[in-house]
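A.B. asks: Okay, handing you the structure first.
Computed from the coordinates by the stated procedures, all read-outs in this text should not be read as laboratory data. As the structure is a prediction and not an experimental result, all values here were calculated from the model. We place every Cβ from the backbone using ideal geometry, glycine too, and count neighbours over all the protein chains shown.
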Amino acid sequence: PVLGYLDDLVILPALITLSIKLIPSPIMFNARQRAEKERVDLHKNWLFGAIFILIWIIIIYLIISSVLKIFSRQISFIDIIL
């Protein structure tokens with residue numbers, strides 16, 4: 001686990017920074033100009049993000065509620081046996 005955290009916190013950001021620095025200046029300049037020209041409509045992205053988060057909240061709720069039901073059945077079954 002420690003090496004995984006080291007990878008996420010140190011090695012990966014260092015390699016990303018190195019990769020960005022290795023891109024030639026004219027290519028980076030052209031890419032930034034194209035990015036400025038092509039605007040993104042964020043309203044659609046926010047709607048998609050909200051729907052995506054809502055789906056995950058529902059999934060997590062269903063998982064937690066079913067786990068709690070399973071544990072409550074086990075506890076009542078153990079109480080009956082004892």
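A.B. asks: Which of Leu62, Ile20, Ala35 sits closest to the plus end of the dipole of segment 19-71, meaning its Cα is farthest towards the positive end, when Lys and Arg get +1 and Asp and Glu get -1 on the C-beta?
C.D. replies: Projecting each Cα onto the dipole axis, the largest value belongs to Ile20.
A.B. asks: Per 0.36 nm of contour for each residue apart, how much would the distance between Arg32 and Ala50 grow if the chain were fully extended, relative to their Cα-Cα spacing? If you can, show how the numbers build up before the last one.
C.D. replies: Working: separation 18, 0.36 × 18 = 6.48 nm, distance 2.84 nm.
Roughly 3.6 nm would be gained on extension.
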